[in-house]
Amino acid sequence: MSMNTQGRPTAPGTADAPVHTTFTGNKALNMEEPLIFEIGRTDICGVDLDEPEKVELRLGGHERLSSLELPALSEPETMRHYVRMSRNNYAIDSGLYPLGSCTMKHNPRLNEKMARVPGFADIHPLQPVSTVPGAFELIAELADWLMKLTGTTAVAMSPKAGAHGEQCGMMAIKKAIMEKGEDRSIVLVPESAHGTNPATAALLGFKVVSIPARDNGTVDPAAVIEKIRENDGKVAALMLTNPNTCGLFEPDIIAIADAIHEAGAYFYCDGANFNAIVGKAKPGDLGVDAMHINLHKTFSTPHGGGGPGSGPVVLSDRLAAYAPLPFIRQGDGELEVVETTSQLDEGEKPFGRMTAFHGQMGMFVRALSYMLSHGSDGLKQASEDAVLNANYVRVGLQDLMTLPYGEHPCMHEVLFDDSFLKDTGVTTLDFAKAMIDEGYHPMTMYFPLVVHGAMLIEPTESESRASLDLFVATLRDLVMSAQQGDTQRFEGAPYLAPRRRLDETQAARKPILKWTPPSPTDVEPKAAAE
Amino acid sequence: MSTYFSEDHEWLKVDGDVATIGITNYAQAQLGDVVFVELPENGKTLSKGDEAAVVESVKAASEVYVPVDGEVVEGNEALVEEPAKVNEDPENSAWFFKLKLSDKSQLDGLMDEAAYKAYVDTL
């Protein structure tokens, strides 16, 4: 046997960990990371490149003479900076991400593998069309899935995200109205809509008329009809989110669609919450004329910092002719890429072009991978599981937290209000900040605006029962703390995050949007940064 | 000078045919820390119910409506520079704009201070 002759201790020490500050400000693996501008010097280059020879300037005297002032870092410095920064991020890959209305679901690694296949990853948008038939076939295949899942006849693939898709759909509606020679200037938007809906309508020059929510959180067809009558012949469209932002399916959606169509207007549906109904209901069957689909929500492509969004827009028969350029058409036995108006067939009247190219190719590959690997039955089950998970959270919390619209089943997300915090001295914001200490990204707060102190939780289908149980138990513990008067747990939260609660008011009133180098007279660089 | 209140939480102090308009103390408390104010242009003609100004807090963006018809004669530029004034002195120095009234009879539809207080108590 070998002896421990070095005198190395073999058992952990028993002393309590001292509370102390460190020289570096780091707490072991929790590193204090300066801004990249504070690390890199602007007077050197981090990479050893030869001076280019014989450069002929062709900028007509517009060449930059001063330094760009960009920080220069070596590769290891750059790697460390971003790796350290990434460790301060909360991500779907590190924990449950219950942001309602965002569908922060798992991004399957198979999607990533497919997106990195060189035939997809390395193509350039300007290479000859004849060299990329596979890419166009993939776009056409994805378009076909989207149309089948939504029960529609056309799809514009190019919009880059949800709000861009809304703009695309509403521009198709505007074009349809212009083609008919009508003058319709009003868009109806329910109170529970996503904020981007009225913003899109306003951006396109429409006047927004709001429709109040019923006591049960849904839209009353009678209220829609009333607004149509009040604005006789002027209503261009209704923009509705279904399931709505209260996590409820609009039960009267067909009556609402009929009323809108009878008035000669169009029905735009915000498809951000499509994850609740994929494979269960087709928006086309519900009377929807245009709907964007967030591939980065419903079809599992990366979201937020992880990748660009993608917001294809499906169009009904009534709007199909107005889909923007470019698009792919099924010709005789082969696909035809329509790039310009000279290639249009009779009856095709695109409203214009929104983007230079066909859309977010990398996201198309990921979304189709998700669809093909799940199959239509798998997509349907994902929706069922998303709804089941939201209801599991609802039932786990409804005796302690308060449901504004009663203890009814919800769709893919569950909405609580803050009446359970009344008289505790704890606000929705405090509650959310305390969740950070528990290692959770907070749910969506203060949205939708139709309830007081909203907390909107969307667990998605990705979470296991064990994960949901821990989440529910954590929230129950927080609620009981608040109700038992432990306000300290909340009022200063987060205590354990790399930064404590930020001053939102000062950040909004006096935003510092640009880093400025500390002046040479500042001996203490840290003081200058603050 | 008489003071009137609207259900949308605007106050109006009327002197002759000019109303000074702002948001109530209740409104600023509900909004929280105000971080941005946008005023209407001078000379703009507004009808009852139109959006006149925008006020944003950390929590929410809201519109200030005109409860009566009129023409904007002056905006309180100090608020644009220092939106915090709306929280500090909402019913006095933090007025938003002055409106030249085109129909003073519309004031009859508004509340007085006691009625507004009773209205807020029901919310």
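The values are calculated or read from the model by the stated rules, or taken from the named source; none is laboratory data. In this text, all values refer to a predicted model and were calculated from it rather than measured experimentally. Cβ sites come from the backbone with ideal geometry, for glycine too, and all protein chains shown count toward neighbours.
For the stretch A:199-223, which positions are in a loop (DSSP other than H, G, I, E, B), within 15 Å of A:Tyr268 (Cα to Cα) and β-branched (Val, Ile, Thr)?
A:Val219
Considering only residues that are at pLDDT 95 or above and part of a strand (DSSP E or B), look in the stretch B:56-81 and name the one that is farthest from the other protein chains (Cβ to nearest Cβ).
If we take residues in the stretch B:56-81 being at pLDDT 95 or above and part of a strand (DSSP E or B), then B:Val73 is farthest from the other protein chains (Cβ to nearest Cβ).
With touching a Leu at 6+ places or on another chain (Cβ under 8 Å) and either loosely packed, with under 11 Cβ neighbours inside 10 Å or of a type in the set (Ser, Thr, Tyr) (or both) as the only criterion, which of A:Glu69, A:Glu51, A:Glu63, A:Glu56 stands out?
A:Glu63
Filtering the stretch B:82-108 down to residues that are farther than 25 Å from B:Gly32 by Cα and either within 14 Å of chain A (Cβ to nearest Cβ) or in contact (Cβ under 8 Å) with a residue 12 or more places away in the chain (or both), which residue is surrounded by the fewest Cβ atoms within 10 Å (Cβ to Cβ)?
Per the stated criteria, the residue is B:Asp103.
Pick from the stretch A:434-447 the residues that are touching a strand residue (DSSP E or B) at 6+ places or on another chain (Cβ under 9 Å) and in a loop (DSSP other than H, G, I, E, B): which of them is nearest to the other protein chains (Cβ to nearest Cβ)?
Ranking the qualifying residues of the stretch A:434-447, first place goes to A:Tyr446.
Are any of the residues in the stretch A:136-147 surrounded by 11 or more Cβ atoms within 10 Å (Cβ to Cβ) and in contact with a Ser or Thr (Cβ under 7 Å, 6 or more places away or on another chain)?
Within the stretch A:136-147, one or more residues are surrounded by 11 or more Cβ atoms within 10 Å (Cβ to Cβ) and in contact with a Ser or Thr (Cβ under 7 Å, 6 or more places away or on another chain).
Among residues belonging to the stretch B:27-55 that are more than 13 Å from chain A (Cβ to nearest Cβ), more than 14 Å from the chain's Cα centre (by Cα) and not in a loop (DSSP other than H, G, I, E, B), point out the one that is modelled with the lowest pLDDT.
B:Ala29
Could you check A:Asp423 against (1) closer than 21 Å to A:Ala276 by Cα; (2) away from chain B (no Cβ under 14 Å) and say which number it fails?
Of everything listed in (1) closer than 21 Å to A:Ala276 by Cα; (2) away from chain B (no Cβ under 14 Å), A:Asp423 misses just condition (1).
This table checks each residue for (1) buried (at least 23 other Cβ atoms within 10 Å of the Cβ); (2) among the basic types (Lys, Arg); (3) at pLDDT below 95.
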| site | (1), (2), (3) |
| --- | --- |
| A:Ala223 | no, no, no |
| A:Arg229 | no, yes, no |
| A:Ala236 | yes, no, no |
| A:Ile256 | yes, no, no |
| A:Asp270 | yes, no, no |
| A:Asn275 | yes, no, no |
| A:Leu295 | yes, no, no |
| A:His303 | no, no, yes |
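Could you go through the stretch B:6-26 and let me know if any residue there is under 22 Å from A:Asp503 (Cα atoms), within 14 Å of another protein chain (Cβ to nearest Cβ) and not basic (Lys, Arg).
no
Restricting to helices (runs of 4 or more DSSP H) lying wholly in the stretch A:448-526: which have 3 or more residues that are within 14 Å of chain B (Cβ to nearest Cβ), farther than 30 Å from A:His412 by Cα and under 28 Å from the mean Cα position of the chain (by Cα)?
Passing ranges, in order: A:504-509.
With (1) in a loop (DSSP other than H, G, I, E, B); (2) buried (at least 16 other Cβ atoms within 10 Å of the Cβ) as the list, and A:Asp423 as the residue in question, which single condition is left unmet?
In the conditions (1) in a loop (DSSP other than H, G, I, E, B); (2) buried (at least 16 other Cβ atoms within 10 Å of the Cβ), A:Asp423 misses (2) alone.
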